[in-house]
Structures are given as C-alpha cells and as structure tokens.
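K.L.:
My questions will all concern the structure given below.
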Amino acid sequence: TSVFRPKTLLIVWLFGAGLVLLPLVAGWGQAARLTREGRRLDNPEWTALLGEVLQALGIRGVVRLRAVPGDVMPVTWGAWRPAVIFPTAVEDWTAARRRLVLLHELGHIKRYDWLTQTLGALTCALYWFNPLAWLAARQLRLEREQACDDLVLRSGPAPRDYARELLEIAAQSTRSRMLNWVAVPVARAGKLEIRLRTILDGSRNRRTLTRAALLGLLAAVA
C-alpha cells in the first residue's frame, strides 16, 4: 500500500511529465536556433510571393522566412512572430511548389495551429498516463493537416499534383522528432498516407464552416 502514497504518486507523475516536457523544451531551443541562424528569404521573388499569400489568407503581421542547411522538413513555429523554416534546397524548387508549401504553412499560422499543438503537447505532459490524451493529440494533428490541405486545394491546384509534391518533399526531407514537437511540418511521414488518400478523395467537402455552422458547433460544445 505504501506504493500508492500521495508523495510517491506525485514523484512518479513529475517524472513522467518531465520526460514528456524534455523534447518539447529541446525542440523550442532547436527551432529558435534555426530561425536565428537561418538565411533570410527576403529577395524580391520571395517578398512578392509572401505578400501574395498573406493577402490571400487575410493574415496581418510579420512572418519570417528562413532557409537552413540540411534536409529539414519545412515547418512553421511561433505565434506572435511566426517563422517558416525551409531547407536550402528550396532555392531549387519550382515556383508552384514554393507557393503550395508556403500556402499550407501560412494556413497553419492563420488557424493558430502552433498554439493548439503546444497546448496539446502540454496536455499530454499533464495527462501522460492517460492514453486518451495521446489519441486526442494524434487526431488533432491529423485534422489540422487535413484542414490546411483543403485550404491549399481550394486555391486551385490539382489534387494529384499537390499529393505528388508532398510525397516528394517527404522523401527528400529528414525527420526531426524534437522539432516536430514544437513546429508544424508540411508532411509528417507517419500520417502522410492518410492525408494523401484524403487529398485524392474527390467526394470530400473542402468548404470551410459557415458562421452559422460554427456558432452551432460552439453552442453544442458549450
């Protein structure tokens, strides 16, 4: 019975929470370092593309674009001064791929997905012993990516072309577990198959919720 003393349980909980928070803190440090050391993408071509996508999505504020060495997966992180991190190979990408990836990542910024992902990670740290918390966080990540995929497809690209671009990016990129804890990648390998099937599903309704539907959903949740 001594195993279940409050003090013992607290120590066990703190140990588990610390193990979950460790990659989160390390990921924040890695993302901050890459943003600080990365090369700014601020030439006229990138500035024009960024301005076009920001205007299309109705996003105000500063979004930083950085290119870093290596085969890092394109990711977004940060809320007040968000940053999109690309691999240096982005300079060799076609204009179409650049626009699709930037549109997807800025979609995360528009939806404040970095904040929801961080809250999800903190919830997993708080309830690390509950498998339902991990299942909910996993589903949240999938729904988030599918929502941004729908946003991209509403802009006009053919689903097959978009799916091919995501598949090629995933094949050419190196996965960083710590960075994925704190940033929103464009193509997480573990869920890519599900996303590709959804992208190619011609019967899927990709329209956004109307205001009436959103208010009804919020009322139901309340």
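K.L.:
Please determine, by comparing only the residues of segment 116-132 that are among the aliphatic types (A, V, I, L, M) and open to solvent by 20 Å² or more (accessible area, probe 1.4 Å), which one is modelled with the lowest pLDDT. Steps first, please.
P.N.:
First, the residues of segment 116-132 that are among the aliphatic types (A, V, I, L, M): 119, 121-122, 125-126, 132.
With open to solvent by 20 Å² or more (accessible area, probe 1.4 Å) added as a condition, the list becomes 119, 122, 126, 132.
Details: 119: 90, 122: 93, 126: 95, 132: 93.
Here the residue is 119.
K.L.:
Specify which of the listed residues (34, 57) is open to solvent by less than 40 Å² (accessible area, probe 1.4 Å), out of contact with any helix residue (DSSP H, G or I) (no Cβ under 7 Å at 6 or more places or on another chain), at pLDDT 90 or above and closer than 28 Å to residue 92 by Cα.
P.N.:
Numbers: 57 fails: out of contact with any helix residue (DSSP H, G or I) (no Cβ under 7 Å at 6 or more places or on another chain).
Being open to solvent by less than 40 Å² (accessible area, probe 1.4 Å), out of contact with any helix residue (DSSP H, G or I) (no Cβ under 7 Å at 6 or more places or on another chain), at pLDDT 90 or above and closer than 28 Å to residue 92 by Cα holds for just one of 34, 57, which is 34.
K.L.:
Next question, about the same structure. Of (1) more than 17 Å from residue 73 (Cα to Cα); (2) without any contact (Cβ under 8 Å) to a residue 60 or more places away in the chain, residue 141 satisfies all except one. Which?
P.N.:
In the conditions (1) more than 17 Å from residue 73 (Cα to Cα); (2) without any contact (Cβ under 8 Å) to a residue 60 or more places away in the chain, residue 141 misses (1) alone.
K.L.:
Further question on the same structure: Can you go through 62, 84 and tell me which one is crowded, with 20+ Cβ neighbours inside 10 Å and either aliphatic (A, V, I, L, M) or within 28 Å of residue 142 (Cβ to Cβ) (or both)?
P.N.:
Going through 62, 84 in turn, just one is crowded, with 20+ Cβ neighbours inside 10 Å and either aliphatic (A, V, I, L, M) or within 28 Å of residue 142 (Cβ to Cβ) (or both): 84.
K.L.:
A follow-up question, please. Within segment 38-54, can you find the residues that are open to solvent by less than 40 Å² (accessible area, probe 1.4 Å) and not aliphatic (A, V, I, L, M)?
P.N.:
Here is the first cut: in segment 38-54, the ones open to solvent by less than 40 Å² (accessible area, probe 1.4 Å) are 38, 41, 46, 49-51, 53-54.
Passing the criteria: 38, 46, 51.
K.L.:
Considering only residues that are small (Gly, Ala, Ser) and at negative phi, which ones fall in segment 43-98? Quick ask: steps written out before the conclusion?
P.N.:
Initial filter on segment 43-98 (small (Gly, Ala, Ser)): 48, 51, 56, 58, 61, 67, 70, 78-79, 83, 89, 95-96.
Of everything in segment 43-98, those that are small (Gly, Ala, Ser) and at negative phi turn out to be 48, 51, 56, 67, 79, 83, 89, 95, 96.
K.L.:
If you check 105, 168, 145, which single one turns out to be open to solvent by 60 Å² or more (accessible area, probe 1.4 Å) and over 20 Å from residue 25 (Cβ atoms)? First the steps, then the outcome.
P.N.:
Details: 105 fails: open to solvent by 60 Å² or more (accessible area, probe 1.4 Å); 145 fails: open to solvent by 60 Å² or more (accessible area, probe 1.4 Å).
168 is the lone residue from the list that is open to solvent by 60 Å² or more (accessible area, probe 1.4 Å) and over 20 Å from residue 25 (Cβ atoms).
K.L.:
Continuing with the same structure: Within segment 51-69, does at least one residue satisfy the condition of being of a type in the set (D, E, K, R) and in contact with a Phe, Trp or Tyr (Cβ under 8 Å, 6 or more places away or on another chain)? Write out each step before concluding.
P.N.:
Keep residues of segment 51-69 that are of a type in the set (D, E, K, R), which gives 52, 60, 64, 66.
Narrowing further to those that are in contact with a Phe, Trp or Tyr (Cβ under 8 Å, 6 or more places away or on another chain): 66.
Within segment 51-69, one or more residues are of a type in the set (D, E, K, R) and in contact with a Phe, Trp or Tyr (Cβ under 8 Å, 6 or more places away or on another chain).
K.L.:
While we're here: Can you pull out the residues in segment 65-81 that are touching a strand residue (DSSP E or B) at 6+ places or on another chain (Cβ under 6 Å) and open to solvent by 60 Å² or more (accessible area, probe 1.4 Å)?
P.N.:
Residue satisfying the conditions is 71 alone.
The values are calculated or read from the model by the stated rules, or taken from the named source; none is laboratory data. Everything quoted here is computed from the prediction, not taken from an experiment. Heads up, the Cβs are rebuilt from the backbone with ideal geometry, glycines too, and the neighbour counts pull from every protein chain shown. Side chains included, ligands, DNA and RNA excluded: accessible areas come from the protein's heavy atoms. Shrake-Rupley method; radii C 1.70, N 1.55, O 1.52, S 1.80 Å.
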